[in-house]
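The values are calculated or read from the model by the stated rules, or taken from the named source; none is laboratory data. Since this is a predicted model, take the numbers as computed values, not measurements. Heads up, the Cβs are rebuilt from the backbone with ideal geometry, glycines too, and the neighbour counts pull from every protein chain shown.
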Amino acid sequence: MADVTLAGARKSFGAVTVLEGIDLEIADGEFVVFVGPSGCGKSTLLRVIAGLEDLDHGELSIGGRLVTDLPAAERGIAMVFQSYALYPHMTIYDNLAFSLKLAKAPKAEIDKAVRAAAKTLGIDHLLDRKPAALSGGQRQRVAIGRAIVRKPRVFLFDEPLSNLDAALRMKMRYEFAALHRQLATTMIYVTHDQAEAMTLADRIVVLSGGRIEQTGRPLALYENPVNLFVAGFIGSPRMNFLPGQVIEAGPHGVMIELRSGDRLRAAVDGSAASAGDAVTLGVRPEHIRSGGAENSLTARVRFVEALGSSTYAHLDHPALDDPINWQIASGAAPAVDAEVQVTLPPAELHLFDALGSAFRRLQPLAQRHAA
């Protein structure tokens, strides 16, 4: 078993608290991705699990064994860093074999482990080369191979694809997913890239200010964020936010008035809301529809992005400081400076109170997918 459990984990550097009471359980064989803005604590949390940073308070267990005070070498983990950290004077074979040689493993065992890892990663034809002769993607595979040969209980990845170009990052994402299926080992992965998180994760952990904001399956976080921060962080392009105030509220919906006087209804449970409450409406670009009279807004096109597979129009509206980002599903894109009418379907709207907490949506995720 290689489950990972953190209880009350706290870490500070001087007067700066980086982790504030982290409680987290990662199941055996799970692929968990830590995401969040720069400085949120995601890399520090990974380094704490690795044993590269000590906890100030709290406990860490791996496979049911308390490892809080154990050195990194005794935790049964292997870590792949952002930099490949390969030995330039060694062949790929020797880079892969290095940790096993240090452990004085038998020569035959080393050879078997190196060749098996190289075959798994598709680099068995590169074993006689040195790192300088390899591409960035090949070097990253070697770095992963060095971890595989150690047969760790838990793999840790700290932004391993950030040095690669966009096309290669996409290819490597698929390879990471295939590797996880093949090895069936617990993997914890840190990234700032939303596509990596949504593609790879069994579960995403969203961090902000050293705290966990929400954990869940990628689509669950995307469809049902628990607060304004998660709603704005998960999704690219980001969710549109429209500030307003409550006009009417009840268990079957909330009517909101924007500062322009436009009124929009959100299909959320407004039992805890009262008239006059400050709230924020949220709607994703792909959920905005063209035309309509009910729950609609009239806006002016500021800019159009035609990206081939998708088109986005940025709309100015008097109730907002920032333009509304609208993903156009089909048909011709509107002209710049044209006036357009768009509908915000009540069932697709999110609503957040003055503290940023989400109101419960009336159509849960499972029902939406079954519809």
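Structure notes:
- Candidates in the stretch 63-88 are the residues that are aliphatic (A, V, I, L, M), out of contact with any Gly (no Cβ under 6 Å at 6 or more places or on another chain) and modelled with pLDDT of 90 or more; of these, the one that is surrounded by the fewest Cβ atoms within 10 Å (Cβ to Cβ) is LEU66.
Per-residue answers, yes or no, for (1) more than 26 Å from ASN227 (Cα to Cα); (2) in the same structural domain as ALA358 (by TED's automatic domain parsing); (3) in contact with a Phe, Trp or Tyr (Cβ under 8 Å, 6 or more places away or on another chain):
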{"position": "GLY244", "(1), (2), (3)": "no, yes, no"}
{"position": "GLY250", "(1), (2), (3)": "no, yes, no"}
{"position": "GLU257", "(1), (2), (3)": "no, yes, no"}
{"position": "GLY270", "(1), (2), (3)": "no, yes, yes"}
{"position": "LEU307", "(1), (2), (3)": "yes, yes, no"}
{"position": "THR311", "(1), (2), (3)": "yes, yes, no"}
{"position": "PRO318", "(1), (2), (3)": "no, yes, no"}
{"position": "ASN325", "(1), (2), (3)": "no, yes, yes"}
{"position": "PRO345", "(1), (2), (3)": "no, yes, no"}
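- Among residues of the stretch 251-273, those that are in a strand (DSSP E or B), on the phi < 0 side of the Ramachandran plot and not aliphatic (A, V, I, L, M), counted: 3
- When PRO160 is tested against (1) part of a helix (DSSP H, G or I); (2) within 16 Å of the chain's Cα centre (by Cα), just one condition goes unmet, and that condition is (1).
- Of the residues making up the stretch 29-80, those that are more than 24 Å from the chain's Cα centre (by Cα) and not in a loop (DSSP other than H, G, I, E, B) are HIS57, GLY58, GLU59, ARG65, LEU66, ALA72, ALA73, GLU74.
- Identity of the residue in the stretch 269-301, under 30 Å from the mean Cα position of the chain (by Cα) and among the basic types (Lys, Arg), that ends up surrounded by the fewest Cβ atoms within 10 Å (Cβ to Cβ): ARG289
- Leading residue by the ranking (surrounded by the most Cβ atoms within 10 Å (Cβ to Cβ)) among those in the stretch 174-222 that are in contact with a His (Cβ under 9 Å, 6 or more places away or on another chain) and under 28 Å from VAL149 (Cα atoms): MET187
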